[in-house]
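Trainee: Here it is, the structure, as structure tokens.
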Amino acid sequence: MSTTDYFAHETAVIDEGCTIGSGTKIWHFSHLMTGCTLGKNCNIGQNVVVSPDVILGHNAKVQNNISIYTGVICDDDVFLGPSMVFTNVMNPRSAIVRKDQYEKTHVGKGATIGANATIVCGNDIGEYAFIGAGAVITRTVLPYALMVGNPAKHVGWMSEYGHRLDFDQEGNATCKESEEVYKLVDGRVAKVA
């Protein structure tokens, strides 16, 4: 276990061999399993399981009732909404062991995954993407994409501050909160430096 300064509620279970960044908070009935890595200033809500070899970047916010399975890597500033679901095997069967077939899922910096959404394994989530509540992700998600529904469909673009972007005829949009400018070119969005 890491020797950095973090808080763990007395009901949390933290196995030996975890790395936990300073300022991280681990709340009621959560379980961190051997070999997981949590960055600085993460918040792990109630009843969360973080499996072996999972990596959470700095400032990750993990809401209540989430299992983050082996094969998942989340970059800095990721938000995982209450009761959202990751998977790590495409064709699970109780009687067949497939621990050597775990598929990886990478969640990019600043992405948001809404409450009760499901991320089918092997489908990466681009940076600052926004997955709506209850969405089921069955394919890779582009950076800044807004995805909703089951199966999830791409319905728009979001700013780094979490506001829907409305692009003009020249492919420019401005975030209403930050006033940062974004450009849409060939079906991809980038923030203008």
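Trainee: Output the number of residues of the stretch 60-78 satisfying the condition of being within 18 Å of Glu127 (Cα to Cα), aliphatic (A, V, I, L, M) and either touching a residue at least 40 places away in the same chain (Cβ under 8 Å) or in a strand (DSSP E or B) (or both).
Mentor: Qualifying residue count for the region: 3.
Trainee: Now for a separate question. Give the residue that is farthest from the chain's Cα centre (by Cα), with candidates limited to residues of the stretch 135-193 that are assigned to a strand (DSSP E or B), small (Gly, Ala, Ser) and surrounded by 13 or more Cβ atoms within 10 Å (Cβ to Cβ).
Mentor: The extreme case among them is Ala173.
Trainee: Evaluate the following for Gly17: is it surrounded by 15 or more Cβ atoms within 10 Å (Cβ to Cβ) and modelled with pLDDT of 95 or more?
Mentor: Details: surrounded by 15 or more Cβ atoms within 10 Å (Cβ to Cβ): no; modelled with pLDDT of 95 or more: yes.
So Gly17 does not fit the description; no.
Trainee: Which pairs turn up if I take residues in the stretch 180-193 that are small (Gly, Ala, Ser) and look for partners that are part of a loop (DSSP other than H, G, I, E, B) with beta carbon separation below 9 Å, at least 6 apart in sequence or on another chain?
Mentor: Note: pairs meeting the criteria are Gly187/Leu142; Ala190/Pro143; Ala190/Tyr144.
Trainee: Name the residue that is farthest from Pro82 (Cα to Cα), counting only residues in the stretch 28-51 that are part of a strand (DSSP E or B) and of a type in the set (Val, Ile, Thr).
Mentor: The qualifying residue farthest from Pro82 (Cα to Cα) is Thr37.
The values are calculated or read from the model by the stated rules, or taken from the named source; none is laboratory data. These numbers come from a predicted model, not from an experiment. Backbone-built Cβ (ideal geometry, glycine too); neighbour counts: all protein chains shown.
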